[in-house]
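The structure appears below as structure tokens.
The values are calculated or read from the model by the stated rules, or taken from the named source; none is laboratory data. Because the structure is a prediction, the values reported are computed rather than measured. Every residue, glycine among them, receives a Cβ derived from its backbone with ideal geometry; neighbour counts consider all protein chains shown.
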Amino acid sequence: MSKIAFLFPGQGSQTVGMGKSIAEANPASAEIFAKADQKLGCSLSDLIFAGPQEELTLTTNAQPALLTTSIAVLEYFKESGITPDYCAGHSLGEYTALVASGAFSFEEGVYAVRKRGEFMEIAVPNGEGTMAAVLGLDSEKLQAVTDEITSGGNLVQLANINCPGQIVISGTRKGVELASVKAKEAGAKRVLPLEVSGPFHSELMKPAADKLKTVLDEMDIQDAKVPVIANVTAEEMVQSGDIKEKLIAQLYSPVQWEKSVQKMIDLGVTTFIEIGPGKVLSGLVKKVSRTVTTYAVSDETTCKEVIEALKEATK
């Protein structure tokens, strides 16, 4: 029996207008946006639907906006009766996956990621840390580069191990700049600086993780009803205590996305459905394995198309 995984995107997939059509088409989806506004005490939905993009892209806004939109799309998609065997999300998307798996409520999730975004933004003063995508270099060679630069006094680490040939590094601005040069010397095809407000998934985020713990301690975290593949370990997490530990460690640890996708394939997943804005994760899955089927649902049209395709496939 082939298995299905639901995937949820992380920061970078946000666009003005996302989720608007699905909110207009589906009362349950509209209710999610209303709940977000109420819980956060602001009109997040106005910012999502009308922008401006620069404000939506701020970490404190992008994180709750993406979680809200992805869950709103999920509400529509759930009416098809299609359910996942596993869930996973990239960085911020892990919180969406945990809401989808029943580990905590949407309201607690959207509040937690708003606070997470705030803590991440203040952990390192703007401009002092950054990230870059390294293309065409394997993780062992890149690890050797980042270890060398860090031991020289400029911290830089592997942050997102996304798929073969695509790894994001994170650290101090100087560390990332030096590692970028060294990575090219070591054989990287390209190094692309990322437009981010901080060095996410690096040791520099430990102060943010300490603050995040106080928020997670107050949440009613339950055992997940659907196993979630953890970013930190690329292993299944179900127990509430384990979930909390992994979410804290996730802030300063690499996102093991390539291993997470491979783990789900090893567990029998043949169909991956990306739920929320964009198609970033679908593309990464295809780079890990060409043999699996991927879909991306982000609005009413794509939901209907994918539901129809899945029904056809199971006939």
Taking residue 115, is it modelled with pLDDT of 95 or more and either buried (at least 24 other Cβ atoms within 10 Å of the Cβ) or not assigned by TED's automatic domain parsing to the domain that holds residue 184 (or both)? yes
Return the pair list, or none, for Cβ contacts closer than 6 Å from residues in segment 203-225 that are over 13 Å from residue 118 (Cα atoms) and small (Gly, Ala, Ser) to residues that are modelled with pLDDT of 95 or more and surrounded by fewer than 18 Cβ atoms within 10 Å (Cβ to Cβ), at least 6 apart or on different chains. 224/238
Matching residues in segment 8-29 - criterion: being in contact (Cβ under 8 Å) with a residue 40 or more places away in the chain, out of contact with any Pro (no Cβ under 9 Å at 6 or more places or on another chain) and either part of a helix (DSSP H, G or I) or buried (at least 24 other Cβ atoms within 10 Å of the Cβ) (or both): 8, 10, 21, 22, 23, 25, 28, 29
Residue 167 fails exactly one of (1) outside any strand (DSSP E or B); (2) aliphatic (A, V, I, L, M); (3) farther than 21 Å from residue 116 by Cα, namely (1)
Is one or more of the residues making up segment 221-240 part of a helix (DSSP H, G or I) and among the aliphatic types (A, V, I, L, M)? no
The one condition in (1) under 22 Å from residue 280 (Cα atoms); (2) assigned to a helix (DSSP H, G or I); (3) touching a residue at least 60 places away in the same chain (Cβ under 8 Å) that residue 87 fails to fulfil: (2)
Quick one: which of 276, 268 is on the phi > 0 side of the Ramachandran plot, surrounded by 20 or more Cβ atoms within 10 Å (Cβ to Cβ) and touching a strand residue (DSSP E or B) at 6+ places or on another chain (Cβ under 7 Å)? 276
Selection status of residue 258, assigned to a helix (DSSP H, G or I), of a type in the set (Asp, Glu), assigned by TED's automatic domain parsing to the domain that holds residue 20 and closer than 26 Å to residue 202 by Cβ: yes
Given the conditions (1) within 23 Å of the chain's Cα centre (by Cα); (2) in contact (Cβ under 8 Å) with a residue 40 or more places away in the chain, report the number of the one that residue 188 does not fulfil. (1)
Residue 222 meets each of (1) among the polar types (S, T, N, Q); (2) more than 30 Å from residue 172 (Cβ to Cβ); (3) buried (at least 17 other Cβ atoms within 10 Å of the Cβ) with one exception, condition (3)
When you check residue 5 against the structure, is it among the small types (Gly, Ala, Ser), outside any loop (DSSP other than H, G, I, E, B), closer than 21 Å to residue 97 by Cα and over 19 Å from the mean Cα position of the chain (by Cα), yes or no? no
So if I check each of 80, 91, 105, which one is within 24 Å of residue 7 (Cβ to Cβ) and touching a strand residue (DSSP E or B) at 6+ places or on another chain (Cβ under 8 Å)? 91
Is it fair to say residue 315 is without any contact (Cβ under 8 Å) to a residue 24 or more places away in the chain, touching a Ser or Thr at 6+ places or on another chain (Cβ under 7 Å) and more than 19 Å from residue 67 (Cβ to Cβ)? no
